[in-house]
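The values are calculated or read from the model by the stated rules, or taken from the named source; none is laboratory data. Small disclaimer: the values here were computed from a predicted structure and weren't measured. So basically every Cβ, Gly included, is an ideal-geometry build from the backbone, and we count neighbours across all protein chains shown.
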Amino acid sequence: MNSLFFSTIEVTRQAFYRSSLSYAIVNYKPIVPGHVLVIPTRHVPRLADLNEQELSSLMRAIQQVGSVIERAYGADALTVACQDGKAAGQSVPHVHFHLLPRKSAGDQFSGRNNDQIYPALEKAEAEMVQPLKVDADEDRVARSTEDMEKEATWLKGFFPAEGQ
């Protein structure tokens, strides 16, 4: 198995889905349970830098991974987000999509708080630059590599062997 890099960060152990042109990883500091990233294998900073095959693979991966995390986490919907460029809040210069399983009731952002997920996502994106920096009073808990690998292994079981 080839190593995977999200920009310069080695994320092979966090990966639970792989295709020839894209992959998905569990998040270091998830906003909600099941918060994952879908990333093109080739390191490019912007969506416009992807070729047609890479873009197609990435969108297919978002659809497949999204379906699995909705089911795995008992969600009713997904928030799918991409900050495309530094001015849009992208802190890691490698295209990536955040997939966050959402529930009509029972997640911290349901109901009147629905749109509060976007400021939380912007904050999470900013924290990716220094993934080892953890605020002591932060509600979201940073996870160990072992915890992320355990979740990735569990999620791999939802995909057919050729999707890994």
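Within the range 1-35, the set of residues being closer than 21 Å to Asn51 by Cα and assigned to a strand (DSSP E or B) comprises Phe5, Phe6, Tyr17, Arg18, Ser22, Tyr23, Ala24. In the set (1) surrounded by fewer than 22 Cβ atoms within 10 Å (Cβ to Cβ); (2) under 19 Å from Glu146 (Cα atoms); (3) in contact with an Asp or Glu (Cβ under 6 Å, 6 or more places away or on another chain), the condition left unmet by Leu47 is number (2). In a helix (DSSP H, G or I) and touching a residue at least 12 places away in the same chain (Cβ under 8 Å) - does that describe any residue in the range 82-105? No, every residue in the range 82-105 fails to be in a helix (DSSP H, G or I) and touching a residue at least 12 places away in the same chain (Cβ under 8 Å). When you check Arg42 against the structure, is it of a type outside the set (S, T, N, Q), surrounded by fewer than 20 Cβ atoms within 10 Å (Cβ to Cβ), touching a helix residue (DSSP H, G or I) at 6+ places or on another chain (Cβ under 7 Å) and in a helix (DSSP H, G or I), yes or no? Against the criterion (of a type outside the set (S, T, N, Q), surrounded by fewer than 20 Cβ atoms within 10 Å (Cβ to Cβ), touching a helix residue (DSSP H, G or I) at 6+ places or on another chain (Cβ under 7 Å) and in a helix (DSSP H, G or I)), Arg42 does not qualify.
The rows are residues; the columns are (1) more than 25 Å from Ser20 (Cβ to Cβ); (2) of a type outside the set (S, T, N, Q); (3) modelled with pLDDT of 75 or more.
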position: Val65; (1), (2), (3): no, yes, yes
position: Val68; (1), (2), (3): no, yes, yes
position: Tyr73; (1), (2), (3): yes, yes, yes
position: Ala88; (1), (2), (3): yes, yes, yes
position: Ser91; (1), (2), (3): yes, no, yes
position: Ser110; (1), (2), (3): yes, no, no
position: Val129; (1), (2), (3): yes, yes, no
position: Arg143; (1), (2), (3): yes, yes, yes
position: Pro160; (1), (2), (3): no, yes, yes
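The requirement of being crowded, with 17+ Cβ neighbours inside 10 Å and closer than 13 Å to Pro101 by Cβ is not satisfied by Val11.
Consider only pairs whose beta carbons are under 7 Å apart and that are at least six residues apart or on different chains; among these, list those whose first residue lies in the range 149-164 and is under 15 Å from Arg13 (Cα atoms) and surrounded by 14 or more Cβ atoms within 10 Å (Cβ to Cβ) and whose second residue is modelled with pLDDT of 95 or more and small (Gly, Ala, Ser). Qualifying pairs under 7 Å: Ala152/Ala15; Leu155/Ala72. For the range 60-73, the criterion of a residue being polar (S, T, N, Q) and part of a loop (DSSP other than H, G, I, E, B) is satisfied by no position.
In the set Phe109, Phe97, only one residue is of a type in the set (Phe, Trp, Tyr), in contact with an Asp or Glu (Cβ under 9 Å, 6 or more places away or on another chain) and buried (at least 18 other Cβ atoms within 10 Å of the Cβ); that residue is Phe109. Of all the residues in the range 53-88, those that are hydroxyl-bearing (Ser, Thr, Tyr) and either touching a helix residue (DSSP H, G or I) at 6+ places or on another chain (Cβ under 7 Å) or at positive phi (or both) number 1.
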